[in-house]
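Here's the structure we're looking at; comments come further down.
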Amino acid sequence: MILAASVTSGSSAIPAIAVLGLMIGCGAVILGAAFGIGWMGSKVVEAIARQPEASQRIFSAMIIAAALIEGVTFFALLIGFLALYWLR
């Protein structure tokens, strides 16, 4: 049974359910960030098509927002892996 198994790393064992939860959580975080940045990119293209004279300001705001989304994604993944490491 996969839920009763454990992953061994060195001298300690991590429950398989914890690894499965981490994989699902990391996948959800990455998919959410990808969806958010893709949706934001499509809206930016629409906004630039409506107002080409404001394209520099719109593009700058998009780059800042995308960087913030990527930062939150990185921290969420980092917290997940640290939690898995602390389970040992």
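FYI, it's all coordinate maths here, none of it is from the lab. As the structure is a computational prediction, the values presented were derived from the model and not from experiment. We place every Cβ from the backbone using ideal geometry, glycine too, and count neighbours over all the protein chains shown.
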Checklist line | Hits in the stretch 42-60 (condition: touching a helix residue (DSSP H, G or I) at 6+ places or on another chain (Cβ under 9 Å) and under 26 Å from A28 (Cβ atoms)) | finding: K43, V44
Notebook entry, point to check: From the set of residues in the stretch 69-88 that are touching a helix residue (DSSP H, G or I) at 6+ places or on another chain (Cβ under 9 Å) and among the β-branched types (V, I, T), which is nearest to V19 (Cα to Cα)?
Noted result: T73
Margin query: Just to be sure I understand the filter: pairs with C-beta atoms under 7 Å, separated by 6 or more residues or on different chains, first member in the stretch 67-80 and exposed (fewer than 14 other Cβ atoms within 10 Å of the Cβ), second member assigned to a helix (DSSP H, G or I). Which pairs pass?
Written below: E70/A33
Note to self: Among the numbered criteria (1) more than 30 Å from I14 (Cα to Cα); (2) more than 17 Å from the chain's Cα centre (by Cα), which one does L87 miss?
What the structure shows: (1)
